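S.K.: My questions all concern the structure below.
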Amino acid sequence: MEKFADEAVIEVSSGSGGNGCVAFHREKFVPRGGPSGGDGGRGGDVIFTVRRNLRTLSHLRRRRSFKAENGRDGEGRGRYGRNGEDTVIPLPPGTVLKDPDTGRIIKDFGRGGDDFCFLKGGNGGWGNIHFKSSVNRAPRTALPGREGETVRIRVELQLLADVGLVGFPNAGKSSLLDHLTNARPKIAPYPFTTKIPNLGVLSSGYSGRDDGRDIIIADIPGLIEGASRGAGLGIRFLKHIARTSALAFLIDLSDDLSLAAFDVLLGELDAFSHELAEKPRIILGTKTDTEGSAERLVKLTAAYPGERIRGVSVFSGDGIDGLAGELFALAEKAAQG
């Protein structure tokens, strides 16, 4: 999967609290100065935080264990132990934390969110300074620090985008993303060139708008029939489509089977998630520069009168003018619910 990583199971541990101290005040001319043992410091927490510059979970593949620092033990003369340092784990937007055994969602970061303290560090133990009483002037009792916790957790990334490009392999998704955005996906004239999801930013200036709002477009690796049942890498990438706001279905008009492509693609999405199949969408008939594509586009449009259908060719530029505006309108429709 190259350098893209969208799943990881990691082990995280909060720090243990430091032990309380048994000590007595020692000073010349001050006999029986009393208890002076300080408390132990608190153990560090495990905190997850969203970093918008992150796009994958590759850093969690390289390091599978994270442990916060233990609190330091208390000392004499009433000195408290230092608290342990927290361990902060950065995540890209769209990450979901799950129980690795049950699949229960613990935290969904959606498009961001505040820092999430997953495990609290153990409290520090009391020193003997707390146990002095009228009947026990020299207590030799102190409490140990509370142990930290260790938990396995599943981390999954589900890409966030305004518009997801959906289609069979070699339908022209990567070429369109390359043309419209700053992304530079691998492009080649054979199927399954794209093996990882790619994100690109479509600037508002491209569409002639001046509101300064950009949208994110995701190129999802090509689906094949049976993807919803696990064929190819279908399920792994269908979950990324699930987090997009709207969909652009790319139909290869150079293919004799183009007329059936939309039904198959929509069926796979519906089998995976009915909600996914109901997202706002547009159909883009690609490769309109190829022989026979004009006739196929006419048949495609007639077959789906209720759909918004547009023919495009990145090679010739046919239909590209105004496409950015259509994608912005699609994203706005999705945002309005």
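The values are calculated or read from the model by the stated rules, or taken from the named source; none is laboratory data. Here the structure is a predicted model, which is why all the values come from computation and not from measurement. Neighbour counts are summed over all protein chains in view; Cβ atoms, including those assigned to glycine, are modelled from backbone coordinates with ideal geometry.
S.K.: Would you check if there is a residue in segment 314-337 being farther than 15 Å from D263 by Cα, modelled with pLDDT of 90 or more and in a strand (DSSP E or B)?
M.R.: The answer is no, given that none of the residues of segment 314-337 is farther than 15 Å from D263 by Cα, modelled with pLDDT of 90 or more and in a strand (DSSP E or B).
S.K.: Right, next: D115 - would you say it is under 30 Å from S245 (Cβ atoms) and surrounded by fewer than 21 Cβ atoms within 10 Å (Cβ to Cβ)?
M.R.: Details: under 30 Å from S245 (Cβ atoms): yes; surrounded by fewer than 21 Cβ atoms within 10 Å (Cβ to Cβ): yes.
Spelling it out, D115 is indeed under 30 Å from S245 (Cβ atoms) and surrounded by fewer than 21 Cβ atoms within 10 Å (Cβ to Cβ).
S.K.: Only strands (runs of 3 or more DSSP E) wholly contained in segment 84-145 count here; list those with 2 or more residues that are over 27 Å from I216 (Cα atoms) and either touching a helix residue (DSSP H, G or I) at 6+ places or on another chain (Cβ under 7 Å) or assigned by TED's automatic domain parsing to the domain that holds G40 (or both).
M.R.: 87-91, 116-119
S.K.: Restricting the search to segment 210-253, which residues are at pLDDT 55 or above, small (G, A, S) and buried (at least 18 other Cβ atoms within 10 Å of the Cβ)?
M.R.: A218, G222, S245, A246, A248 - these are the residues of segment 210-253 that are at pLDDT 55 or above, small (G, A, S) and buried (at least 18 other Cβ atoms within 10 Å of the Cβ).
S.K.: Still on this structure: Out of the residues in segment 271-294 that are in a helix (DSSP H, G or I) and more than 23 Å from E332 (Cα to Cα), state the one that is farthest from the chain's Cα centre (by Cα). Working first, answer last.
M.R.: Applying the first criterion (in a helix (DSSP H, G or I)) to segment 271-294 yields 271-272, 274-277, 293-294.
Subsequent filtering for residues that are more than 23 Å from E332 (Cα to Cα) retains 271-272, 293-294.
On the way: A271: 23, F272: 20, S293: 38, A294: 40 Å.
Restricting to residues being in a helix (DSSP H, G or I) and more than 23 Å from E332 (Cα to Cα), the top hit is A294.
S.K.: Output the residue which, of all residues in segment 134-169 that are small (G, A, S) and out of contact with any strand residue (DSSP E or B) (no Cβ under 6 Å at 6 or more places or on another chain), is surrounded by the most Cβ atoms within 10 Å (Cβ to Cβ). Walk me through it before giving the result.
M.R.: Restricting attention to segment 134-169, the residues satisfying the condition of being small (G, A, S) are 134, 138, 142, 145, 148, 161, 164, 167.
Filter once more, keeping what is out of contact with any strand residue (DSSP E or B) (no Cβ under 6 Å at 6 or more places or on another chain): 134, 138, 142, 145.
On the way: S134: 5, A138: 12, A142: 24, G145: 29.
If we take residues in segment 134-169 being small (G, A, S) and out of contact with any strand residue (DSSP E or B) (no Cβ under 6 Å at 6 or more places or on another chain), then G145 is surrounded by the most Cβ atoms within 10 Å (Cβ to Cβ).
S.K.: Assigned by TED's automatic domain parsing to the domain that holds G17, within 17 Å of the chain's Cα centre (by Cα) and within 13 Å of V12 (Cα to Cα) - does that describe any residue in segment 67-79?
M.R.: So in segment 67-79, the residues assigned by TED's automatic domain parsing to the domain that holds G17 come out as 67-79.
If we keep only those that are within 17 Å of the chain's Cα centre (by Cα) too, we end up with none.
Checked against the condition, which is being assigned by TED's automatic domain parsing to the domain that holds G17, within 17 Å of the chain's Cα centre (by Cα) and within 13 Å of V12 (Cα to Cα), segment 67-79 yields no hits at all.
S.K.: In addition: Of everything in segment 85-108, what is loosely packed, with under 13 Cβ neighbours inside 10 Å and of a type in the set (G, A, S)? Give them in sequence order. Walk me through it before giving the result.
M.R.: Within segment 85-108, the subset loosely packed, with under 13 Cβ neighbours inside 10 Å is 101-105.
Passing the criteria: only G103.
S.K.: What single numbered condition from (1) modelled with pLDDT of 95 or more; (2) touching a Cys at 6+ places or on another chain (Cβ under 7 Å) fails to hold for G37?
M.R.: The number of the failed condition is (1).
S.K.: Confirm whether E278 is under 30 Å from T95 (Cα atoms) and at pLDDT 90 or above. Walk me through how you get there before you give the answer.
M.R.: Values: under 30 Å from T95 (Cα atoms): yes; at pLDDT 90 or above: yes.
Yes; evaluated as a whole, the condition is true for this residue.
S.K.: Can you pull out every residue in segment 295-318 that is over 35 Å from the mean Cα position of the chain (by Cα) and free of Cβ contacts under 8 Å to residues at least 24 places away in the same chain?
M.R.: Within segment 295-318, E295, V298, T301, A302, P305 qualify.
S.K.: Related question: Could you tell me whether any residue of segment 42-50 is under 30 Å from A142 (Cα atoms) and of a type in the set (D, E, K, R)? Break it down into steps so the answer makes sense when it comes.
M.R.: Keep residues of segment 42-50 that are under 30 Å from A142 (Cα atoms), which gives 42-47.
Then keep just the ones that are of a type in the set (D, E, K, R); that gives 42, 45.
Yes, segment 42-50 has at least one match.
S.K.: Inside segment 295-312, can you point out the residues that are surrounded by fewer than 21 Cβ atoms within 10 Å (Cβ to Cβ), under 19 Å from L330 (Cα atoms) and hydrophobic (A, V, I, L, M, F, W, C)?
M.R.: If the condition is that a residue be surrounded by fewer than 21 Cβ atoms within 10 Å (Cβ to Cβ), under 19 Å from L330 (Cα atoms) and hydrophobic (A, V, I, L, M, F, W, C), then I309 is the only one that fits.
S.K.: Continuing with the same structure: Determine which member of the set R77, R62, R26, R82 is surrounded by fewer than 19 Cβ atoms within 10 Å (Cβ to Cβ) and closer than 30 Å to V201 by Cα.
M.R.: Values: R77 fails: closer than 30 Å to V201 by Cα; R26 fails: closer than 30 Å to V201 by Cα; R82 fails: closer than 30 Å to V201 by Cα.
Answer to the selection: R62.
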